[in-house]
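Working notes, structure below.
Quick note: the coordinates plus some simple rules give every number you see, no bench work behind them. None of these values were measured; they are calculated from a predicted model. Using ideal geometry, Cβ is built from the backbone for each residue, glycine included, and neighbour counts are taken over all protein chains shown.
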Amino acid sequence: MSIPQERRVVTAIPGPKSRELLARKQAAVPPGIGTALPVFVTRAGGGVLQDADGNSLIDFGSGIAVTSVGNAAPKVVERVRRQVADFTHTCFMVTPYESYVRVCEKLNELTPGDHDKRTVLVSTGAEAVENAVKIARHATGRPAVVVFDHGYHGRTLLTMTLTAKNMPYKEKFGPFAPEVYRVPLAYPFRWPSGPENCAEEAAEQAIDMITKQVGADNVAAVVIEPIAGEGGFVVPARGFLPRVAEFCRTNGIVFVADEVQTGFARTGTMFACEDEGIVPDIITTAKGIAGGLPLAGVTGRAEIMDKVHAGGLGGTYGGNPLACEAALGVMETIEEEDLVARARHIGDTMLPRLRALQERFDVIGDVRGRGAMIAIELVEPGTKVPNPAAVQEIVRRCHAEGLLVLTAGTYGNVLRFLPPLVIPDHLLDEGLGILEKAIAEL
């Protein structure tokens, strides 16, 4: 890696140059665009971010699971460099190009299931989810969409409606899209009768609500994250997802796996739904697909995808040639560096250390996740009452020490960890040490 893989704190964080840039940002950008850590990045790669003041921070966020293969990954950079010299845009709907087709072929190959598939490329995860719903409605002729507690699917009108959390995503942005129904998620840590009953009872409740309140014959799609992302990295109790998928198959409902955050090796399998052998009818991808360039995909069964009439899908920037080349570079990197195994290694490193912290500090109510998608949920000691204040204090301490961490959770009480899959072991270890110190000092 061309950038030194070391933590280096030479100023307060944020430093004077970042504070100057933050003042400019506040004068030019509305406050609705929040910032987790107001340091202005000048270089990044491997497991570090360098800011305008010369600080080098350990990255436990990956741009929210985007730069999984590392920032400015060599294969991504080289492919984009060549493409930008040839052409930057034609619009695939006007004059197509091969890289779009190659990305679709790769997604058809890599996503779960050996059935005939088709893929459409768009620009963002929210756009992918919207298109999945459009396609499911068109193919089934049904209006209703079912989603789950703690789910997050985007910020557009429809995906904001699909999202469970009000603040900050939905507050005062209504009215919302119609024919969207929400049912319980199997959340083991917070299930009333305990984790041992969670999968069966949550599935029974969800199916009962769909059947009674919506009518299975009215449902076009069930949309679910195999691991709830912004909702707190909630890993549904084992058996829940297969039960929901089977209900969908029985009733002609399109099962949509939203793998925008969980996809592309993040959870120790190429896609998170593979952990329980689930084969979605449609799978949406984005974030880690293109190393930071805007690209997303909707991949589904050919008999569903082919239902939509010519011109019914698309978008001016969808499948931009630079992003397509970046995606091909990402997929090459994942395969050649075996980053699926690397994600498992990261999980095998982080989870035991975080569980050891849980035994020492009763502010940690739950430790969960798979691969390099890990979270701890903080509570008032001795209870399950959410403790967002503890999260904010730990984040403040970590950031001051040069460790970037992110928050999540319906109640704002979850620390989520998404390190780049290429992060060196010594930085992973050092970052965990900083986190441990912050929790101990709390």
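A few remarks follow.
- Candidate lysines - alpha carbon under 28 Å from Lys384, same-chain residues fewer than 8 apart omitted: Lys165, Lys170, Lys437
- Protection-proxy order for peptides 359-370, 153-164, each taking the mean of Cβ atoms within 10 Å per residue, highest first: 153-164, 359-370
- Residues Tyr187, Tyr169, sorted so that the one with the fewest Cβ neighbours within 10 Å comes first: Tyr169, Tyr187
- The chain: mean projected area of Cα convex hull, nm²: 20.9 nm²
- Burial ranking of peptide ranges 327-334, 174-181, 196-203 (average Cβ count within 10 Å, highest at the top): 327-334, 196-203, 174-181
- Per residue of the chain, the DSSP helices (runs of n ≥ 4 H) give a summed -39500 (n - 2.57) that works out to -11500 deg cm²/dmol at 222 nm.
- A simple count of charges around Pro14, restricted to other residues whose Cβ falls under 14 Å of its Cβ and scoring Lys, Arg +1 and Asp, Glu -1, yields +1.
- Straight-line cross-link reach from Lys25 at under 20 Å between alpha-carbon atoms covers these aspartates and glutamates, not counting any fewer than eight positions away in the same chain: Asp51, Asp53.
- Span from the segment 136-156 Cα centroid across to the segment 318-340 one, whole angstrom: 28 Å
- Computed over segment 254-398, the percent of Cα pairs more than 20 Å apart is 62.
- Ratio Rg/Rh [Cα only; Rh per Kirkwood] for segment 75-336: 0.97
- Packing around the peptides 95-108, 22-35, taken as the average count of other Cβ atoms within 10 Å per residue, puts them in this order, highest first: 95-108, 22-35.
- Rounded Å value of the spacing that divides the Cα centres of segment 252-289 and segment 70-99: 25 Å
- If both residues of a DSSP beta bridge must be in the chain, then about 65% of such bridges are antiparallel.
- Unit charges at the beta carbon, dipole of the chain: most positive-side option, Val41, Ala356, Ala290: Val41
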